[in-house]
Amino acid sequence: MPVAIITGASKGLGRALAEALAARGWDLVLDARGAGPLEQAAEAAAGHGARVEALPGDVTDAGHRAELVAAARKLGGVDLVVSNASALGAEPLVRLAELPLAGLRRALEVNVVAALGLVQEALPLLRESPAGAVVAVSSDAAAEAYETWGGYGASKAALDQLAAVLGAEEPGLRVWAVDPGDMATDLYAAAVPDDDEPRPAPGSVVPAFLRLLDERPASGRCAAPALAEGR
Ligand SMILES: NC(=O)c1ccc[n+]([C@@H]2O[C@H](COP(=O)([O-])OP(=O)(O)OC[C@H]3O[C@@H](n4cnc5c(N)ncnc54)[C@H](OP(=O)(O)O)[C@@H]3O)[C@@H](O)[C@H]2O)c1
């Protein structure tokens, strides 16, 4: 069975992806800081017959990242790393003039440094996989100048660039930065609590991610809505 490590898998997009991969026969190593919701997500994935290791911890902890990869090695290796856990830098989001620098540092640490740290730890096993892949969950805030999204957007732009260079440096792998589009999740509610416009459920973008894994297009950046429509 192929093995995926998914960070931030206790809710939102990470949990939806975990369940979908489990239903397709993947074994999983799942991470999030909160143990209770992570355990529930793991049980839901295991209900599809997957072997699931749920390891609570913070992706910024190098020891925890090593544990995630060690758990995947025990399941047989690493075929996919999904860097999905994310920090906003300020909740709710604020304009750059007010953005606490500690918040920006935290967003960079979670969204960029930890994502690269996990890939570095997993690379030897990814290279051994017949279909090794890395998915960096990005955002349109990486490319568009939305007011108040500057710190988070800068971190996602940095993540995009890491993914692009990794794809060039590791031609044997596929490395995709994927903008999932807006989704109704706790992260979005924390970012913009006053926004009451309906947003799609995270499960609605999962088919786009599955399509990537099925079709394995060249490494690069893509947006889930366009992928789902086959554009
Ligand atoms: N929602 C949107 O509209 C939207 C749009 C564009 C991009 N995205 C991206 O989509 C991805 C998923 O976001 P989401 O909206 O699904 O968020 P979500 O529902 O709030 O889920 C975030 C997950 O990450 C975990 N997490 C957060 N910080 C962590 C850390 N330091 N270490 C380990 N786990 C951590 C959370 O659990 P704990 O809190 O228990 O750790 C949770 O499992 C993120 O990369 C986000 O930037 C979201």
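Of all the criteria given as (1) touching an Asp or Glu at 6+ places or on another chain (Cβ under 8 Å); (2) surrounded by fewer than 21 Cβ atoms within 10 Å (Cβ to Cβ), the one not satisfied by Met183 is (1). Checked against the criterion of being away from the ligand (no atom under 11 Å from the Cβ), over 25 Å from Leu21 (Cα atoms), open to solvent by less than 20 Å² (accessible area, probe 1.4 Å) and not charged (D, E, K, R), the range 145-167 has at least one qualifying residue.
As for the range 213-222, it holds at least one residue that is more than 23 Å from Arg24 (Cα to Cα), in contact (Cβ under 8 Å) with a residue 40 or more places away in the chain and more than 15 Å from the ligand (Cβ to nearest atom).
Rundown of residues vs (1) farther than 22 Å from Val113 by Cα; (2) part of a helix (DSSP H, G or I), yes/no style:
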position	(1), (2)
Ser10	no, no
Ala16	yes, yes
Leu21	yes, yes
Gly36	yes, yes
Ala41	yes, yes
His48	yes, no
Leu55	no, no
Val59	no, no
His64	no, yes
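Quick grid of which residues meet (1) among the aliphatic types (A, V, I, L, M); (2) more than 21 Å from Ala4 (Cα to Cα); (3) out of contact with any His (no Cβ under 9 Å at 6 or more places or on another chain):
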position	(1), (2), (3)
Ala115	yes, no, yes
Ser139	no, yes, yes
Ala143	yes, yes, yes
Glu147	no, yes, yes
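The values are calculated or read from the model by the stated rules, or taken from the named source; none is laboratory data. Values in this document were obtained by computation on a predicted structure and should not be read as measured data. Using ideal geometry, Cβ is built from the backbone for each residue, glycine included, and neighbour counts are taken over all protein chains shown. Accessible surface areas use protein heavy atoms only, side chains included; no ligands, DNA or RNA. Shrake-Rupley method; radii C 1.70, N 1.55, O 1.52, S 1.80 Å.
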